[in-house]
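The values are calculated or read from the model by the stated rules, or taken from the named source; none is laboratory data. Computed from a predicted model, the values in this text were never measured in an experiment. Just so you know, the surface numbers come from the protein's heavy atoms only, side chains and all, with ligands and any DNA or RNA stripped out. Shrake-Rupley method; radii C 1.70, N 1.55, O 1.52, S 1.80 Å.
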Amino acid sequence: MLGGEPFAAVEAPGQGRHWRQLDGCLAVSHHAGIPLAGLLERLADALEEGQDAQQARDAAAAGPRSTAQLLGFLPLAGIAMTALVGGPPTELLAGPLGWIVIGTGVGLAVIGHLWTRVLIRRSEETT
C-alpha cells in the first residue's frame with residue numbers, strides 16, 4: 001500500500017483534497033520515518049480548524065443575508081399595508097410625484113442590494 005498511490009482512486013464521501021492530505025501523511029511517515037499517529041493528529045486538528053473557520057464565515061454572513069431578505073420584502077409590505085388602509089397603490093402612477101417616489105424607491109432598493117452583497121462578500125473574506 002505504501003509503494004503506490006493508496007488513495008488515488010478512492011471515490012468516497014468527503015473532499016478529494018482530504019484524501020490527498022491523508023496520502024501525503026502516509027508518504028511523509030514512510031519516507032521520513034516520522035510516526036504516523038502524530039501526523040494524523042496534526043491533520044485532524046487542521047481539518048477541524050478549517051471546519052470551524054467555515055462555520056464562523058457562515059455565521060458572519062447570516063446577518064447580512066437575513067437583512068437583504070428583509071429589505072427586499074419591505075417595499076411589498078408597504079404597498080400591501082397602503083392597500084389595507086384604503087389607499088390605492090395605483091395612485092402612485094397618477095402623477096409625477098408618484099413616479100419620483102417609485103424611481104427613488106427602486107434606486108434605493110438597488111443600492112441596498114448592492115451594499116448588502118458587499119457586506120456578505122466582506123464577511124466571507126474576513127473570517
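Applying the Karplus relation 6.51 cos²θ - 1.76 cosθ + 1.60 with θ = phi - 60° to the stretch 107-119 yields 3J(HN,Hα) values of x, 5, 5, 5, 4, x, 5, 5, 5, 5, 4, 5, 4 Hz, where x marks Gly and Pro.
Taking the longest Cα principal axis of the chain as reference, the axis of helix 36-84 is set at about 10 degrees.
When the chain is treated as a GNM with alpha-carbon contacts under 10 Å, the residue of R57, R42, R65 showing the greatest mean-square fluctuation is R42. Here, P(r) means the percent of Cα pairs in each 10 Å bin from 0 to the largest distance; for the chain it is 11, 22, 17, 15, 12, 10, 8, 4, 0. Of all the accessible heavy-atom surface of the chain, with the other protein chains kept in place and a 1.4 Å probe, what percent is carbon and sulfur? So the carbon and sulfur contribution to the accessible surface is 65 percent.
When only Cα pairs below 8 angstrom with a gap of at least 6 residues are kept, the stretch 9-106 shows a relative contact order of 10 percent. Accessible surface area normalised per residue over the stretch 75-127 is 77 Å², counting heavy atoms of protein chains with a 1.4 Å rolling probe.
Taking all Cα-Cα distances within the stretch 80-127, those exceeding 15 Å account for 63%.
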